[in-house]
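Notes follow the structure.
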Amino acid sequence: MPPRRKLSDLDRGRAIGGLQDGVAARQVAQRLAVAPSVIIRLKQRFHATGRVQERQRSGRPKVTTQREDRFIQRQAMQQRMATANNIRQRLQATTNTVVSGQTIRNRLHNFGLHARRPVRGTTLTANHRAARRAWCTQHVRWQRQQWAQVLFRDESRFCLEPADGRIRVWRRRGERFAEGAVLERQRFGGGSVMVWGGISTRLRTPLYHVVGNLTGVRYQNEILQPLVVPALQATGPRAILQDDNAPPHRSAAVNTFIQQARVNRMLWPANSPDLNPI
């Protein structure tokens, strides 16, 4: 259904003109991008009063002016983390207008602003941003043939019983421990499984089950030497290993092995998200 909105006087005249020409109310609503009920009520009002304008509504006048409403919106846009009470206090200090926090929220809702949880991001310094830009500039014009030489690899952990806290249950008051309202779960998440894998456009490595903590020495002996090096050799002389900045991948032992094995490594800027498609 199209979004319901308020029609202007011009749109109301166009709607009445279409209805008088025999156009169905649903078709008129589609043309004006409104719900059919809006056109039906407009038609009933026109037959009853002969006018398309809405009658003057009674009720309590708005506490804030249009200028104060713009001030509220500007404060929220300039400081996205400000609370409704913070904006209310600034409005009172600037214009001497006293309103409630709910009034501030109502004005922001009218502007399409709603309180939501912010997306969490990594703190980046100027050096981090410069390194990211340099990496993107270096690889932005890479062709498919060049990316085909890259072996993407990563570890992934799979929890046996996810505990994201998003499961909900319908219950009445006093039914907290009622049968059917209790979610049974193993303590400490029920354990997890970590696996390692690598892929490229030409091949994929065997899936390796990582038991325990993955250290630099284990990464070299259990993954790099038996799995990564043969995969790079099968890819070709220009094969590149894409590694992230996990501590096992950047240990001294691993760096020494990479140099001795003459493995081409794609340098990855610090504090950057994974490039891996795995």
Just how much of H47 is accessible, in Å², when a 1.4 Å probe is used and the result is rounded to the nearest 10? 140
Looking at the stretch 94-123, which trypsin sites (Lys or Arg not before Pro) are in a loop (DSSP not H, G, I, E or B) and have at most 16 other Cβ atoms within 10 Å? R116, R120
Leaving ligands and nucleic acids out of the surface, order F158, F177, F111 by accessible area at 1.4 Å, largest first. F177, F158, F111
Can you send over the carbon and sulfur percentage of the accessible area for the stretch 202-262, probe radius 1.4 Å, protein chains only? 54
Which order do V211, V23 take by accessible area at a 1.4 Å probe, largest first? V211, V23
At most 13 other Cβ within 10 Å, DSSP loop - trypsin sites (Lys or Arg not before Pro), the stretch 191-235: R202
Please return the longest range in the chain lying between exposed loop sites, taking GluC sites (Glu not before Pro), DSSP loop only, at most 11 other beta-carbon atoms within 10 Å, and leaving the sites out. 1-178
Whole-number accessible area per residue in Å² for the stretch 40-134, which is evaluated in the context of all protein chains at 1.4 Å: 82
Above 19 Å lies some portion of the pair distances; for the stretch 1-144, what is it as a whole percent of all C-alpha pairs? 70
Residue by residue, what Karplus-based ³J(HN,Hα) values in Hz, rounded to whole numbers, does the stretch 202-218 have, using 6.51, -1.76 and 1.60 with θ = phi - 60° and x for Gly and Pro? 10, 7, 9, 7, x, 7, 10, 8, 8, 9, x, 7, 8, 9, x, 5, 5
Antiparallel versus total DSSP beta bridges in the stretch 125-276: what percent is that, nearest 5? 65
Interchain or sequence-distant (5+) residues whose placed amide H lies within less than 5 Å of the amide H of M266 are L241, Q242, D243
Give me the log10 of I(q) over I(0) for the stretch 75-186 at q = 0.16, 0.24 Å⁻¹, as the Debye formula computes it from C-alpha points; what are the numbers? -0.96, -1.28
Cα-based Rg (one decimal) and Dmax (whole number) for the stretch 18-86, in Å? 19.5, 54
Answer with a single label: of [x] 140; [y] 317; [z] 127, which was calculated as volume of the Cα convex hull per residue in Å³ from the structure in view? [y]
So which trypsin sites (Lys or Arg not before Pro) in the stretch 25-55 end up in coil per DSSP with only 12 or fewer other C-beta atoms within 10 Å? R51, R55
State the percentage of accessible surface on the stretch 45-183 attributable to carbon and sulfur atoms; use a 1.4 Å probe and exclude ligands, DNA and RNA. 48
Counting only DSSP beta bridges with both residues in the chain, tell me the antiparallel percent, nearest 5. 65
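The values are calculated or read from the model by the stated rules, or taken from the named source; none is laboratory data. Not measured: the values here are computed from a predicted model. Positions of Cβ are generated from backbone atoms using ideal geometry, with glycine treated the same way; all protein chains shown enter the neighbour counts. Ligands, DNA and RNA are excluded from the accessible area calculation, which covers all protein heavy atoms including side chains. Shrake-Rupley method; radii C 1.70, N 1.55, O 1.52, S 1.80 Å.
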